[in-house]
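Each reported figure results from applying straightforward, stated rules to the coordinates on display, with no laboratory input. Since we're looking at a predicted model, the values are computed, not measured. Positions of Cβ are generated from backbone atoms using ideal geometry, with glycine treated the same way; all protein chains shown enter the neighbour counts.
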Amino acid sequence: MSRWEPMLERVARERYPRLVAHAMLLVRSRTEAEDLVQEALISAFSGRARFASLAEAEQYVRRAIVSRFMDAARKRGRERAALVRHASRSVVQVADGADVAAGGLPGEVEAALAALPPRERACVVLRHVEDLSIRDTAALLRLSEGAVKRYTSDGVAALGAALGTVVDDSPVVTVTTKKVTTKEVRRGA
Amino acid sequence: MVRELSELLADSVDARARSVAGLTPDADDYATMVRTVRRRRVVRRSLQTLAVVPLVGGLAAGAYFGLGSLRAPDTEPAVTPTDYVTHPPRTLAPLVKGDLVSEVGLPPFYEAPANLWAHVDSGWVAMTYRPEYVGADGESSGTLSNALFVADPDGELFRVAELPLPLEIQVLSWEVGQQRVRVMWPTPIDDAARPLVTGWVDVRTGELTEDAQQFERWASYVGRDADGAEIWVEDPAYEEDVVAGGSGGATVWSIGPDGARRVVTDIGDRGVPLLDPSGTQLLAPGAEPARELVVVDLGSGDARDVPLGVSDQVCAVVGWLDAGGVAALCHDPVSDDAEAALDRVDYVAQNAGLYRVEAVADGGTTLLHAFAEGEPVPLPWTGVNAGDGAVLYVVGDGFPEGCTRGFGAWDGVAVRTVQGAHPDGANVHWSRPGVVGGPALAVSSASCEAGDAQATVATIDPATGAARILTPMLEPNGPAGIDRWRASVTSAAAATPRG
């Protein structure tokens, strides 16, 4: 077995539910979420990245989930149609089982996210779930930093209206890690 | 109650993860993921050096990745003596076909009539057709059949056998008049002892026979040399991490008609080489693939480095033009930014030109064609020699993951567009030489992802560019209970003249 396979197997065995949960912030059915996760796993393990730990691999795959989601939206070339479809699903779709019933916090949050256009959804997830900087979000989604600010701001506003949420506007803090890399910790759009 | 967005999203993810606790990919999906990763790593590894290995056998999901070595030769030959049927007589009784048969998951076909084999000649194609479906629930899946078809040059299909359903059998080569087709099949993913099996399938009964000697790791079939020996290559690059670099070399093996096996040479960590039209030389990327080629003499095993390239540009081989020269695509180097973005953005060659490289001489180059911006360019290592200095190749949007867009050709005088092999866009997943002067084979589908959609097999006439589809697409939604097809044709090989 090659060196990447044990890690892929571990991620698929141990982190799959969490990855599916992340994907369900972007798509509204568990089937779609699983497809997205599997595409992201393929993308992550086909690439150049090497993973020293399970957590590192999971983080990479989570970002790949968003990236693949955006790629799919672009390739379809009909984001608006997709929005309509997803939004429609959020209202009428029968859940894939009792575990993904529409009610409860996940159902409420996922439905609110599903009402956002795909780019807003992706920006909100990367900024507010993955804690990516504006610059990193822009690079990952192949958008300008200005576009990321705009999409995030619009998405946050829509979610605020739907969910009653606010964002922490504390100042940006720079954190130095042991590897002397910096990570911008952000809050707000 | 006012809630902070990030905290709410995190709580939502936690709750959703708990609700799907214990969920794992089903076995089929996981196996597909592993196979796809393997295939892409081969492509990506080659891309790292700007030489993309051919996608020959792409639907085989791993037919060209490998590691390790052959088992020590046994005393008995690995390949039993060839068993020929009577060569087709000049005057044949007409082929009496029965009724056209319709079976779920298969294109319309005839059952093989008794005198079918007397009619088979060059230009016929053997193929495996293994329809896999995704169920109406979107999650279940299954395989309906595993048919061995032969198609006549007009595209009529004859089912000659049903193969064992679990085996993903790939036809590799087929000689006119021979009762057997050369095949290989992957063993299950978790079978670490032996990743593939090589053998034969009896075209009359479907009976499989395994070679006495087997590869212990993945190996790829390259073709038959001028003496009729099979050329295989073991490619450890597949298993090695791209960043860490390879740790071994690809080994070229020759398996003679009598089963005798010998190591031709070690060509380094360089993917699957291309056999030249004379069947005497192999072409592989050099140590610095964008600047260098390696030409291997199959008789002596001698490997010779040949410079590749034009100033300020990088190059990659497209395919053999003739026994002396190859076509190469040269273009501006990939910038650091573009390379860093390859995980997300396909690279499209800039200022690209098609060159003739004197591969058997000094590597001298001649510009054949300068591609205009937006003009489809050849994908490296996809070329099929079409005789008389011509090469048929796959064109695409970019690599590593851009969709392919059918075929193009250098016909010896000019670059021209070739009719697509698929009516909906011709995402060619792999191509394979037919017979000398005859058609090439192409498997393509409407999906960019091999192994994720049904495909068609077509013959492409290099002289005219005309395509003939041998296996039409099935109705996309299938009958009740089936959501879609995700596999159909899995391999194809043209009958070649008796050697």
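For region A:25-66 and region B:106-130, what is the separation of their C-alpha centers, rounded to whole Å?
So the separation of the two Cα centres works out to 43 Å.
Given a cut-off of under 8 Å on Cα pairs at least six residues apart, what relative contact order in percent is computed for region A:101-150? Kindly include the intermediate steps, with their values, before the conclusion.
On the way: 22 pairs, mean separation 9.7, N = 50.
Reported as a whole number, the value is 19 percent.
By counting other Cβ atoms within 10 Å of each Cβ, how are A:C123, B:C330 ranked from fewest to most? Intermediate values should be presented prior to the final figure.
On the way: A:C123 32, B:C330 24.
Ranking A:C123, B:C330 by Cβ neighbours within 10 Å, fewest first, gives B:C330, A:C123.
What's the local net charge at B:V101, with K and R +1, D and E -1, over the other residues with C-beta under 15 Å away?
Result for the local shell: -3.
Could you state the principal axis extents of the C-alpha atoms in region B:94-147, from the largest down, to the nearest angstrom?
47, 24, 14
Under a Cβ-Cβ cut-off of 15 Å, what is the net charge of the residues other than B:L144 that fall near it, where Lys and Arg count +1 and Asp and Glu count -1?
-3
Where does the charge balance sit around A:L25 when Lys and Arg score +1, Asp and Glu -1, over other residues with C-beta under 9 Å from its C-beta?
Details: positive: A:R121, B:R16; negative: A:E110.
Result for the neighbourhood of A:L25: +1.
Among rounded, prolate and oblate, which fits region B:249-308 when a ≥ b ≥ c are the square roots of the eigenvalues of its C-alpha gyration tensor, a/c under 1.5 means rounded, and a/b larger than b/c means prolate? Provide the component values of the computation, followed by the final result.
Working: a/c = 2.43, a/b = 1.80, b/c = 1.35.
Cα axes put region B:249-308 in the prolate bin.
Please arrange A:V167, B:V394, B:V2, B:V326 by how many other C-beta atoms lie within 10 Å of their C-beta, fewest to most.
With the sparsest Cβ surroundings first, the list reads B:V2, A:V167, B:V326, B:V394.
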